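**Q** Sending over a structure as structure tokens; questions will come in a sec.
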Amino acid sequence: MDNFDPDKLFNKDIIKRNLLLASLYITGYEILKHSIIEDVKTFFSVGYDPNKGNILSPQYQTEVLSLDSKSVFRASCLWLAEMEAITDDDIEQIDIIRKHRNKIAHELPLILTDKNYDIDISLLRKMKYYIRTINSFWGKVELSINPDIDLNDVDFLEIRSGRDILFEHLINIVENEISK
């Protein structure tokens, strides 16, 4: 505990701030992860079994999971990059977001006690951007099957998913609570 900071631990406002930010970060990451993994699975769904969930087409294995045999998350990111929903640079940033999430989730006491460790708020902003970007991609996919819609007339970043709206709402609550 060389970097122990008693002021950080015993100041209730700092503790409250850090716990709220940790909760927001982990929640945001789960929203992002769902947008990456579950929406790709839904795209490859050919049916639904109430006991097993989505029934996935064989193409899911060959087109998605084959991109990274060790990580469904990374394979889904790579597939999204192939679809031009995100870039390779975006995948690197999303990996940084994931690693920071893991540190928060597994080493929460550091946030509360270590003077050299804080939640990287800039990554929350990036997470918000990626949630919106990926959900805008899915909006484009859905609109592209409607022959009555001219995709050139659509601003896809204006498409808002429920998850996008939820995360923005949570950010606003936390920002208001922290600023008190």
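The values are calculated or read from the model by the stated rules, or taken from the named source; none is laboratory data. Quick caveat, the model's predicted, so the values are computed rather than measured. Note: ideal-geometry Cβ built from the backbone for every residue, glycine included; neighbour counts use all protein chains shown. Heavy atoms of the whole protein, side chains included, go into the accessibility calculation; ligands, DNA and RNA do not. Shrake-Rupley method; radii C 1.70, N 1.55, O 1.52, S 1.80 Å.
**Q** Asn54's amide H: which non-local residues (gap 5+, or another chain) put their own amide H closer than 5 Å, with H modeled 1.01 Å from N in plane and none for Pro or chain starts?
**A** Asp49
**Q** I've got another one for you. Run the accessible area of the chain with a 1.4 Å probe and give the carbon-and-sulfur part as a rounded percent. Please report the intermediate quantities before stating the final value.
**A** Working: 5630 of 10840 Å².
Ligands and nucleic acids excluded, carbon and sulfur reach 52 percent.
**Q** Continuing with this model, one more query. If the elastic network links every pair of Cα atoms under 10 Å, which of Lys126, Lys103, Lys12 fluctuates the most in the Gaussian network model of the chain?
**A** Lys12
**Q** Around Val46, under 15 Å between beta carbons, what's the net of Lys plus Arg minus Asp minus Glu among the other residues?
**A** Summing Lys/Arg as +1 and Asp/Glu as -1 gives 0.
**Q** Ok, one more. Would you mind calculating the relative contact order of the chain from Cα pairs under 8 angstrom and at least 6 residues apart, reporting the percent as a whole number?
**A** On the way: 160 pairs, mean separation 50.7, N = 180.
Reported as a whole number, the value is 28 percent.
**Q** Write down Rg/Rh for region 32-79, rounded to two decimals, with Rg from the C-alpha atoms and Rh from the Kirkwood relation over Cα pairs. Let's see the in-between values first.
**A** Numbers: Rg = 10.4 Å, Rh = 10.8 Å.
Value, to two decimals: 0.97.
**Q** Can you give me the accessible area per residue for the chain, using a 1.4 Å probe, in Å²? Intermediate results must be reported in sequence, preceding the final value.
**A** Values: 10840 Å² over 180 residues.
That works out to 60 Å² per residue.
**Q** Another question, then. Before rounding to the nearest 500, sum -39500 (n - 2.57) across all DSSP H runs of length at least 4 in the chain and divide by the residue total; then give [θ] at 222 nm in deg cm²/dmol. Kindly include the intermediate steps, with their values, before the conclusion.
**A** Numbers: 7 runs with 114 residues, N = 180.
Only helices count here, giving -21000 deg cm²/dmol.
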